[in-house]
1. Can you tell me the orientation of helix 366-390 relative to the chain, as the angle in degrees between its alpha-carbon axis and the longest Cα principal axis, to the nearest 10?
2. Before anything else, pin down the relative contact order of the chain: Cα pairs under 8 Å, at least 6 apart, normalised by residue count, whole percent.
3. Between residue 79 and residue 9, what is the label-point separation in nm under the 7 Å Cα-to-beta-carbon projection?
4. Using every Cα-Cα pair within segment 51-205, state what percent have a distance larger than 29 Å.
5. I want the local charge near residue 149. Using Cβ-Cβ distances under 11 Å, sum +1 for each Lys or Arg and -1 for each Asp or Glu among the other residues.
6. Expressed as a whole number of Å, what is the distance separating the alpha-carbon centroids of segment 269-287 and segment 154-181?
7. Over segment 293-391, what number does the Rg to Rh ratio reach, with both radii from the alpha-carbon atoms and Rh per Kirkwood?
8. For q = 0.14, 0.17, 0.22 Å⁻¹, what log10 I(q)/I(0) does segment 310-365 give under the Debye formula with an equal point scatterer on each alpha carbon and no solvent?
Amino acid sequence: MSRVSTLDWIRFGLLLLGVVFVLTGVLPAEEAEAGLRRIAPLLLFLVSVIVLVELTKEAGVFDVIADRLAVIGRGRYAALFLLCVAFASLTTIFLNLDTTAVLLTPVMLALAIRTGIAALPLAMTTVWLANTASLLLPVSNLTNLLAADRVMLTPREFAARMWLPQLVAIAVTMVLLWVFYWRRGARGADRYEPPSPMKVGDRALFTVASAACLLFIVLVMAGAHVEYAAAGAAVVTAVAFAVRRPRSLTPALIPWQLLVFVTGLFLVIPALVLHGLDVVMTALIGADGGAGGAFRAALTGAALSNLINNLPAYTAGESVVPPGNGDQLLALLAGTNVGPLITPWASLATLLWFEWCRRHDLRIPLRRFMAHGAVLAALALPAVVAALLIG
């Protein structure tokens, strides 16, 4: 039996606290029911997309893509940098930021070993873009799903509203990734040794998994409900594995830790809002629907994310933003997506990334991580909010 980690105890504690709030009346039963109804589609999406990407990784899709990128780069760091940025950004945008943290990080670290590339630049590319590239689509981040529901935007409408802020966020991230980690003086090498092309193990599984991911993306962009699109793609992939490799279909595929965390969160935060948190958040965010209110919301979201985590920061902030203040709500979203770059617990993706780095014996200098993250947040967030207001 696997050992229960400290983080797992925190998740269970959060859920237990939420249940106690409901049983004692601190959170009225009707409020709890409304919150759980709201997150039911989100939980279906979360389970489905993680099953989809876990099986896609098992089919070797991510490993082959990363390997091909290194081959295409032909030993040139500038080319590899652009390719890795594109890979991490597209994975985050279309398959969720936690996919980038959980699945792309070990792929990139394994690639570093095979090619002799310094691991830290590859690792920092995944964690920064897992956060800053998560603005474009509702599926890119759990907070986006909540915001899109609140402002009633379809995936296309959401993308039309957020494409410029997303472009700005990635551009600023690229500049600082190069300056801090990828330039010659930081990476410590002129060229890398391109690997031999990796062979696909089971071509049938590889093809089905790749096609399922593309199907998911097409359905989302066509306006389908993201939870049903993810569930459909996951079922297609799971059926292929049931035929070709049934031993891979284990209960470990179900992300129960995330389910426990999110459910507990949506019981605890509403209770806290009912008992004083809304007063604090209103004082911090204000009710100004103009530029001033947008920047205040973004700053509050970023600061609170680095203190407690971006998902509770968003849900607490959302509860006090007036219904008509669409720009202010999206600015809060930007703060909780682009801002959680300083502390290791600021986003779930960052926590998962630290765990993978630990497993691969990659030491992350914490002071350097926090200092560089603070610079990126300080430069990217105002630019993103300005782009949001211009657009």
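Every number in this text was worked out from the coordinates using simple rules, so none of it is lab data. The structure presented is a predicted model; accordingly, all values stated were derived computationally and were not measured. As a convention, Cβ positions derive from the backbone with ideal geometry for all residues, glycine included, and neighbour counts pool all protein chains shown.
1. So the helix axis and the longest Cα principal axis differ by about 70 degrees.
2. Here the relative contact order equals 24 percent.
3. 5.1
4. For segment 51-205, the fraction of Cα-Cα distances above 29 Å is 21 percent.
5. Its environment carries a net charge of +1.
6. 29
7. Taking Rh as the inverse mean 1/r over Cα pairs, Rg/Rh reads 1.04.
8. Debye intensities relative to I(0), on a log10 scale: -0.47, -0.60, -0.81.
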